[in-house]
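Since every read-out is calculated from the coordinates, none of them should be taken as a lab result. Remember, predicted model here, so these are calculated numbers, not experimental data. In this analysis, Cβ positions are derived from the backbone assuming ideal geometry, glycine residues included, and neighbour counts consider all displayed protein chains.
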Amino acid sequence: MGKRGPAPLPTNIVRLTGNPGKRALNTYEPTPIDKSPPDPPSFLDAYALAEWNKVCAGLNAMGVLTKIDKAILAAYCDSYSLWKRCAERLKAIAVERGPGGELTDTTSKGNSFYSVIIGTMSAAKADTIKYAEKLGMSASARRSLGGVDGGGGKGKFSGYLGGKRQQ
């Protein structure tokens, strides 16, 4: 079962707004020790590589990217590339067949069926969003990356990512 209620705001945004709710801030959001980004894997296509470079720069600037994130970042970029290629293919089919023509395909016997490309694109889009959440690429994901224990101890990632974040 997922978390209930609205997604929390990232701690840095709560700080910038003056903490209007006056709730305790999550001081245990992870801070990576090794701040050098991973090198892209060789199997990424041009779209995935362009996304890798864009996202690496952003995640590195946030201070949340480490070399251990290589596989999940590659999966994110690969899913993004598949989503983009499917969208481009559907657009080309719509131009070729006319508006709406991309929604269905026809068998050799003349039966219509829902385009496989749409299903593939939908799965790639869902995967992209799932991986993006895992990488902290949404406001709510960034807020919940760390683990506050409520007792002044260490967060759940402190032994791996450098301990308590500086205020």
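Within the stretch 100-135, how many residues turn out to be farther than 30 Å from L65 by Cα and outside any helix (DSSP H, G or I)?
The number of residues fulfilling the criteria is 16.
Among the residues of the stretch 92-130, count how many are touching a helix residue (DSSP H, G or I) at 6+ places or on another chain (Cβ under 7 Å) and hydroxyl-bearing (S, T, Y).
The qualifying residues number 2.
Identify all residues within the stretch 73-91 that are crowded, with 21+ Cβ neighbours inside 10 Å and touching a helix residue (DSSP H, G or I) at 6+ places or on another chain (Cβ under 6 Å); write none if there are none.
Once the filter is applied, which keeps residues that are crowded, with 21+ Cβ neighbours inside 10 Å and touching a helix residue (DSSP H, G or I) at 6+ places or on another chain (Cβ under 6 Å), the stretch 73-91 yields Y76, C77, D78, S79, Y80, S81, W83, C86.
Just a yes or no: is a residue in the stretch 96-103 buried (at least 19 other Cβ atoms within 10 Å of the Cβ) and more than 13 Å from the chain's Cα centre (by Cα)?
Taking every residue of the stretch 96-103 in turn, at least one turns out to be buried (at least 19 other Cβ atoms within 10 Å of the Cβ) and more than 13 Å from the chain's Cα centre (by Cα).
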